[in-house]
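The values are calculated or read from the model by the stated rules, or taken from the named source; none is laboratory data. Bear in mind that the values here come from a model prediction, so they are computed numbers and not experimental data. Cβ: placed from backbone, ideal geometry, glycine included. Neighbour counts: every protein chain shown. Areas reflect the complete protein model, heavy atoms only, side chains present, ligands, DNA and RNA absent. Shrake-Rupley method; radii C 1.70, N 1.55, O 1.52, S 1.80 Å.
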Amino acid sequence: IFGYFGNITRVNETVINVWSNILNQIPNSKLFLKCRWFDIPEAKKKIIEKFNNKINKNQLITEGNSLRDKYLESYNKVDIMLDAFPISGSTISFDSSYMGVPILTKINDNSFWFRTGESINKNLNMEDWIANDEKDYILKAISKTSDLEKLFKIKNELRNKFLKSPL
């Protein structure tokens, strides 16, 4: 299960196409989107429509806003957090790492607002979770899910790594 808990307005057409490509190449994969916008029926409908004809509707899980403890518990339902681009998530990237969910992010050449995921992964010595471009992002997502034993080991070690890091 891939996840994205950030501001859904950062999920542009390119991001949707890349994420859909990933989901279509990994059997039984799902995308768990969590955002306050899913509490508004019309907004939720519009967001889901953006994924229409790109993925199977059963691959999309949506959830609205929740209190902090329930929000953090939601990370336990995710194996890999997907970072949006060009604007990276910051709070979700910190929370994800703290909760032991690795973040797949992409290099961005813009200001620090666009490089949060990259910076967090570098501070966690997880440079192999930083994609060079959209094609590399897709290949890394597929690769990271091909060895579930290795993925679960990373997840089990990530929180301690985060707590010992400068982050």
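Selection of region 127-154 for residues being closer than 21 Å to Ile26 by Cα and out of contact with any strand residue (DSSP E or B) (no Cβ under 9 Å at 6 or more places or on another chain) yields Asp128, Lys135, Ile142, Ser143, Ser146, Asp147, Leu148, Glu149, Lys150, Phe152, Lys153, Ile154. Of all the residues that make up region 90-116, how many are of a type in the set (A, V, I, L, M), open to solvent by less than 10 Å² (accessible area, probe 1.4 Å) and either within 13 Å of Leu33 (Cα to Cα) or in a loop (DSSP other than H, G, I, E, B) (or both)? Total satisfying the criteria: 1. Within region 45-55, the residues that satisfy the criterion of being open to solvent by 60 Å² or more (accessible area, probe 1.4 Å), at negative phi and without any contact (Cβ under 8 Å) to a residue 24 or more places away in the chain are Lys45, Lys46, Glu49, Asn52. If only residues of region 1-16 that are touching a residue at least 60 places away in the same chain (Cβ under 8 Å) and over 13 Å from the mean Cα position of the chain (by Cα) are counted, the one that is nearest to Ile92 (Cα to Cα) is Asn12. Taken residue by residue, region 48-61 has at least one member that is of a type outside the set (A, V, I, L, M), within 30 Å of Ser143 (Cα to Cα) and within 15 Å of the chain's Cα centre (by Cα).
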